[in-house]
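These notes concern the structure reproduced below.
The values are calculated or read from the model by the stated rules, or taken from the named source; none is laboratory data. Every value quoted in this text rests on a predicted model; they were computed, and no experiment measured them. Note that we place each Cβ from the backbone using ideal geometry, even for glycine, and neighbour counts take in every protein chain shown.
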Amino acid sequence: MNNEKVLQLKKILLDIDFKEKDGSYIGAKRSLDDYNIINVKNDLIIKPVKETGVDEFQKIWFESVKGTKEETTLEGIQKRFKAMESEIGDQYLENFHIVFLERKAIGIMTPMIEPDSDYEGRFFYTGLVPEARGKGLGKDVFRLSLNHLKKIGCKEVVDYTESTNEPLLRIYKSFGLEIFDEEISFYRKFHDENLERVEL
């Protein structure tokens with residue numbers, strides 16, 4: 001289904017009191033063949049997990065999800081990390097990083113190679129601690145992630161985010177990622193009990 005038809009159906013559903021459901025997602029991708037590594041303007045430094053240690057990485061990950069839909073406990077982060085490790089193996093030691101600005105940890109970036117691919121990269125999770133948000137640093141961290149994927153030989157990057165994540169969608173656009181997959185769920189309550197769901 002092309003974007004024009006999706007927008008038409010979306011309008012129809014909204015007109016009859018359906019609401020867009022949180023958790024709808026958008027997939028975007030771009031080739032890295034023509035991507036040029038460019039240093040970021042801000043004085044950011046990245047250190048891989050093999051240098052910082054797993055505990056410190058998990059701590060900054062925990063701080064980075066505060067105030068977001070991903071927010072959880074430190075124990076929750078530890079469980080996610082264990083699940084991630086079982087999925088991708090030990091490549092996180094080289095590819096997952098803590099991001100520092102003026103020696104202070106401000107977030108994490110997680111560029112990685114898909115386990116079943118030699119060339120496709122994605123981001124497991126990327127986030128900034130609350131005090132680092134809203135300063136344009138997200139775009140710099142995204143560039144650092146693309147730079148890393150290029151350095152380790154990735155030919156294409158594929159990433160997913162919620163359809164309501166406007167800041168990241170703007171970053172996708174600024175770096176030339178094109179939308180290729182979209183699932184938007186809508187719901188409407190009937191008789192205050194039943195829930196009807198439609199997916200595009």
Considering only the stretch 6-16, I want to know if a residue exists there that is polar (S, T, N, Q) and either part of a strand (DSSP E or B) or under 30 Å from ILE184 (Cβ atoms) (or both). yes
Can you name every residue in the stretch 35-67 that is over 18 Å from the mean Cα position of the chain (by Cα), within 24 Å of GLU120 (Cα to Cα) and either among the aromatic types (Phe, Trp, Tyr) or modelled with pLDDT under 95 (or both)? TYR35, ASN36, ILE37, ILE38, ASN39, VAL40
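Yes/no per residue for (1) of a type outside the set (Asp, Glu); (2) in contact with a helix residue (DSSP H, G or I) (Cβ under 8 Å, 6 or more places away or on another chain):
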position: GLY89; (1), (2): yes, no
position: HIS97; (1), (2): yes, yes
position: ILE108; (1), (2): yes, yes
position: ASP140; (1), (2): no, no
position: SER145; (1), (2): yes, no
position: GLU156; (1), (2): no, no
position: ASP159; (1), (2): no, yes
Does LYS47 meet the test of being touching a Ser or Thr at 6+ places or on another chain (Cβ under 7 Å), among the basic types (Lys, Arg) and surrounded by 12 or more Cβ atoms within 10 Å (Cβ to Cβ)? no
Filter result (in contact (Cβ under 8 Å) with a residue 24 or more places away in the chain and either closer than 13 Å to PRO130 by Cβ or assigned to a loop (DSSP other than H, G, I, E, B) (or both)) within the stretch 45-71: ILE60, GLU63, SER64, VAL65, LYS66, GLY67, THR68, LYS69, GLU70
Within the stretch 68-83, is there a residue that is farther than 18 Å from ARG143 by Cα, at pLDDT below 95 and touching an Asp or Glu at 6+ places or on another chain (Cβ under 8 Å)? yes
Going by the structure shown, is PRO130 farther than 16 Å from PHE175 by Cβ and either basic (Lys, Arg) or in contact with a Gly (Cβ under 8 Å, 6 or more places away or on another chain) (or both)? yes
